[in-house]
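A.B. asks: The following block contains the structure, expressed as structure tokens.
The values are calculated or read from the model by the stated rules, or taken from the named source; none is laboratory data. Model, not experiment: these values are computed from the prediction. Note: ideal-geometry Cβ built from the backbone for every residue, glycine included; neighbour counts use all protein chains shown. Only protein heavy atoms, including side chains, enter the accessible area calculation; ligands, DNA and RNA are left aside. Shrake-Rupley method; radii C 1.70, N 1.55, O 1.52, S 1.80 Å.
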Amino acid sequence: MSYNPSFCWILALALGPFFTQRVRDPKRVPKTITQLYSYYIYNILKNHGREFENPHDVLLRVGQMAFRGVSEKKIVFTDGDLIKFNLQPSQFLSGFLMELLEREDSARSVVYTFPHLTIQEFVAAVAQFLIPDGRDITKLLTEAHCVRDGRFEVFLRFVAGRSNPMTAWGLEEFLGPFPHQTTCRVIDWVKEEVKRQSRNTESEAGKRSLLNTLHYLFESQNRVLAQDSLGSVETLSFSGMTLTPIDCAVLSHAIGLTDTIKHLNLEKCHIQCEGIQQLGPRLHKYQTLRLGWNDLGDSEVKLVSAALKNPECKIQKLGLWDVGLTDSGAEDLVSAHSANQSLMWLDLGSNSLTDRSVPALRRLILTLPSLKWIGLGLNRFSETGKNELRSLQEHRHGLKVIFGMGNYWPIPHPPL
């Protein structure tokens with residue numbers, strides 16, 4: 001955050017009063033960005049409320065202007081914009097809007113902007129809950145979600161987050177109660193959108209849309225909503241997408257709210273240390289887990305090993321193709337498998353395993369009766385090491401130990 005002073009300023013204003021309290025309520029610690037920004041607006045209203053004759057009407061009008069700006073990709077507003085929404089500049093100079101001097105040739109004029117685009121998006125979202133009759137909120141959300149250039153992504157997350165009563169803490173003191181019908185319509189819209197997007201993950205655009213809707217679930221922090229939305233989903237696939245650590249945290253949260261998801265495919269998602277750390281606590285919940293083609297290395301594979309050691313681990317098929325695994329990491333992985341009796345398929349192809357891993361792999365094969373298939377192609381075994389591992393097939397009926405591309409790729413993917 002030191003590279004973005006605006007965020008430091010937002011955090012200081014939002015959380016400063018909380019951390020200076022002698023007695024802190026743990027329930028009020030913000031868990032989402034929506035809750036954080038609610039604290040930010042609350043502190044502005046509390047410390048500068050005397051400047052607003054009617055905070056509800058002022059925030060509604062500035063929120064409507066903010067939404068117009070989001071719609072038009074506009075972050076700088078003129079006196080003409082303020083007049084159009086019946087706003088006075090003096091109302092905002094201590095929190096909502098900042099003055100900027102603009103030069104055109106020899107003339108100088110004053111324009112206005114929010115301290116950060118996310119503040120503009122949050123205020124625009126709050127305004128949707130201040131409209132007396134929010135009957136058009138569903139149409140607005142649907143139209144915004146259909147815009148593919150991303151301008152409404154954060155706005156929609158804030159709207160979904162605002163549907164949680166926790167985010168109204170403090171704000172209703174100045175803005176009055178938020179309409180219950182609007183909140184219900186937002187929740188219904190999120191539920192239907194998650195259901196719809198979860199059935200459309202063949203294309204990259206479909207996967208991105210589903211991930212965005214999972215961000216809505218995260219911001220809402222609504223367990224019942226998540227269960228209703230994902231209750232029929234058994235497979236999640238984001239293969240080929242780049243997942244940030246925040247995306248991984250959102251995915252982990254969504255998975256933690258339901259027990260129906262059995263298969264997770266995160267191949268080629270550019271997941272590294274921080275991302276796998278976010279996912280780690282939930283990895284044991286799947287029957288099929290694909291993590292291939294991610295630059296994990298031994299340290300991150302240890303987090304996968306920890307999932308295998310979990311007494312509630314359900315993993316039957318594990319894909320770790322080309323994840324940077326070495327002999328050292330293989331030893332940890334084998335030790336973890338000794339505590340797991342559910343594993344049937346294991347893909348360790350295209351890593352950096354050598355003959356030093358043969359004793360550990362031999363121990364794995366002989367002590368894990370559930371194991372039916374293990375892929376070891378494109379590693380660094382000698383012919384002696386390969387033959388020793390192949391010979392174990394004679395001791396285990398139905399076991400396949402696979403080396404070489406010819407045998408390894410009879411189908412586009414290993415049989416996970």
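A.B. asks: Mind checking whether some residue in the stretch 233-251 is over 13 Å from the mean Cα position of the chain (by Cα) and open to solvent by 50 Å² or more (accessible area, probe 1.4 Å)?
C.D. replies: Yes, there is a match, as at least one residue in the stretch 233-251 is over 13 Å from the mean Cα position of the chain (by Cα) and open to solvent by 50 Å² or more (accessible area, probe 1.4 Å).
A.B. asks: Oh, and also: Filter the stretch 219-232 down to residues that are polar (S, T, N, Q) and surrounded by fewer than 17 Cβ atoms within 10 Å (Cβ to Cβ) and give me whichever is nearest to the chain's Cα centre (by Cα).
C.D. replies: Filtering first and then ranking leaves GLN227.
A.B. asks: When residues of the stretch 178-206 are filtered for being part of a helix (DSSP H, G or I), charged (D, E, K, R), closer than 18 Å to GLU234 by Cα and open to solvent by 20 Å² or more (accessible area, probe 1.4 Å), how many remain?
C.D. replies: Qualifying residue count for the region: 4.
A.B. asks: Looking at the stretch 147-163, which of its residues are farther than 19 Å from HIS56 by Cα and modelled with pLDDT of 90 or more?
C.D. replies: Matches in the stretch 147-163: VAL147, ASP149, GLY150, ARG151, PHE152, GLU153, VAL154, PHE155, LEU156, ARG157, ALA160, GLY161.
A.B. asks: Report, by residue number, each residue of the stretch 128-153 that is touching a Lys or Arg at 6+ places or on another chain (Cβ under 8 Å) and part of a helix (DSSP H, G or I).
C.D. replies: ILE137, THR138
A.B. asks: Considering the stretch 274-287 alone, what residues qualify as being open to solvent by 10 Å² or more (accessible area, probe 1.4 Å) and either among the hydroxyl-bearing types (Ser, Thr, Tyr) or assigned to a helix (DSSP H, G or I) (or both)?
C.D. replies: Within the stretch 274-287, GLU274, GLN277, GLN278, GLY280, PRO281, ARG282, HIS284, LYS285 qualify.
A.B. asks: Still on this model: Quick one: ASN294 ticks every box in (1) surrounded by fewer than 23 Cβ atoms within 10 Å (Cβ to Cβ); (2) closer than 22 Å to LEU353 by Cβ bar one, so which box is it?
C.D. replies: (1)
A.B. asks: Restricting attention to the stretch 63-74, which residues are touching a residue at least 24 places away in the same chain (Cβ under 8 Å) and surrounded by 14 or more Cβ atoms within 10 Å (Cβ to Cβ)?
C.D. replies: GLY63, GLN64, ALA66, PHE67, GLY69, VAL70, SER71
A.B. asks: Restricting to the stretch 164-177, and then to whatever is assigned to a helix (DSSP H, G or I) and open to solvent by less than 70 Å² (accessible area, probe 1.4 Å), can you tell me which residue is farthest from VAL62 (Cα to Cα)?
C.D. replies: MET166
A.B. asks: Further question on the same structure: Can you pull out the residues in the stretch 152-190 that are free of Cβ contacts under 8 Å to residues at least 60 places away in the same chain and basic (Lys, Arg)?
C.D. replies: ARG185, the sole residue that qualifies.
A.B. asks: Looking only at residues in the stretch 312-330 that are in contact with a helix residue (DSSP H, G or I) (Cβ under 9 Å, 6 or more places away or on another chain) and open to solvent by 10 Å² or more (accessible area, probe 1.4 Å), which one is nearest to CYS269 (Cα to Cα)?
C.D. replies: Of everything passing the filter in the stretch 312-330, GLY324 is nearest to CYS269 (Cα to Cα).
A.B. asks: Among the residues of the stretch 331-360 satisfying the criterion of being under 16 Å from ILE402 (Cβ atoms) and among the small types (Gly, Ala, Ser), which is most open to solvent (accessible area, probe 1.4 Å)?
C.D. replies: The extreme case among them is SER350.
A.B. asks: Can you name the number of the only condition in (1) surrounded by 15 or more Cβ atoms within 10 Å (Cβ to Cβ); (2) at pLDDT 85 or above; (3) of a type in the set (A, V, I, L, M) that LEU416 fails?
C.D. replies: Against the list (1) surrounded by 15 or more Cβ atoms within 10 Å (Cβ to Cβ); (2) at pLDDT 85 or above; (3) of a type in the set (A, V, I, L, M), LEU416 comes up short only on (2).
A.B. asks: Scan the stretch 256-278 for residues that are out of contact with any helix residue (DSSP H, G or I) (no Cβ under 6 Å at 6 or more places or on another chain) and small (Gly, Ala, Ser) and report the count.
C.D. replies: 0
A.B. asks: I've got another one for you. Count, please, the residues in the stretch 56-91 that happen to be polar (S, T, N, Q), modelled with pLDDT of 95 or more and in a loop (DSSP other than H, G, I, E, B).
C.D. replies: 0
A.B. asks: For CYS269, only one of the following conditions fails: (1) more than 10 Å from the chain's Cα centre (by Cα); (2) open to solvent by 20 Å² or more (accessible area, probe 1.4 Å); (3) not aliphatic (A, V, I, L, M). What is its number?
C.D. replies: Failing condition for CYS269: (2).
A.B. asks: Go through the stretch 99-131 residue by residue and tally those that are at pLDDT below 85 and either out of contact with any Leu (no Cβ under 9 Å at 6 or more places or on another chain) or under 28 Å from GLY161 (Cβ atoms) (or both).
C.D. replies: Result for the stretch 99-131: 8.
A.B. asks: Does LEU378 meet the test of being within 21 Å of VAL323 (Cβ to Cβ) and open to solvent by 20 Å² or more (accessible area, probe 1.4 Å)?
C.D. replies: yes
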